[in-house]
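As structure tokens, the structure follows; a few thoughts come after it.
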Amino acid sequence: MISASKILHNYLGPVFGILLVVLLLKLLKDNIPKKHDLQWFKMGGGLVGKGHPDAGFANGGGKAWYWLLATVGLLVVASGFVLDFPNYGQSRDTMQWANIIHAVGALGLTAVALGHIYIGTVGTAGSLEGMTTGYVDESWAKEHHNLWYEEVKDQAMSEEELAAQKTESSGATKPS
């Protein structure tokens, strides 16, 4: 099983790398650091001081995670390619460094990902529902991502419209 996992890892790693680049490009415009992100960090994302700091679609913490993934994630992908293709003139020293970078980077990203998953699920009420449905409560949006809310509030749907849309998409008919 371990041998099969290693082989699977070697073949799926490059696919992960390609998908990571696609994801990073898709989310780039929402993760450009802005001045209000500094205030978000000063307030610890709302844990320090009163009130909740300004945030757009992505808050300061989400942007930090994005850029960590963009740098360390791409290092993990690059070092993985070096390890996957050892017959292209790499020295033993290069292979050893690639192994260290790959392992430490992947473990570090895994640790941060676990923290991010916790905060995005049970750590912040309403976050998991937003990720699973694609919709958030208006008051949640105002509190946690107020700048984004101001951009999209004209597109908001009432709970009745949302329920009707879910019913239509499931193919069920409304009783008369």
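The values are calculated or read from the model by the stated rules, or taken from the named source; none is laboratory data. Being a predicted model, the structure only gives us computed values, none of them experimental. Virtual Cβ from ideal backbone geometry, glycine too; neighbours counted across all protein chains shown.
The table below gives the values:
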| read-out | value |
| --- | --- |
| All positions within segment 55-109 that are among the polar types (S, T, N, Q) and more than 23 Å from the chain's Cα centre (by Cα) | Asn87, Gln90, Ser91, Thr94, Gln96, Asn99 |
| Count of segment 33-70 residues which are of a type in the set (D, E, K, R) and closer than 14 Å to Leu147 by Cα | 4 |
| Residue list for segment 116-133, restricted to those being assigned to a helix (DSSP H, G or I) and surrounded by 13 or more Cβ atoms within 10 Å (Cβ to Cβ) | His116, Ile119, Gly120, Ser127, Leu128, Glu129, Gly130 |
| Test: residue in segment 2-18 that is at pLDDT below 95 and within 15 Å of Asn146 (Cβ to Cβ) | no |
| In segment 1-31, the residues that are surrounded by 12 or more Cβ atoms within 10 Å (Cβ to Cβ) and farther than 23 Å from Phe85 by Cα | Leu23, Leu24, Leu27, Asp30, Asn31 |
| Close pairs (8 angstrom Cβ cut-off, 6 or more residues apart or separate chains): closer than 15 Å to Leu109 by Cα in segment 72-90, assigned to a loop (DSSP other than H, G, I, E, B) anywhere | none |
| Residue within segment 39-52 that is within 23 Å of Leu25 (Cβ to Cβ), of a type outside the set (A, V, I, L, M) and surrounded by 15 or more Cβ atoms within 10 Å (Cβ to Cβ) present | no |
| Residues (outside any loop (DSSP other than H, G, I, E, B), free of Cβ contacts under 8 Å to residues at least 12 places away in the same chain and acidic (Asp, Glu)) located in segment 134-157 | Glu150, Asp154 |
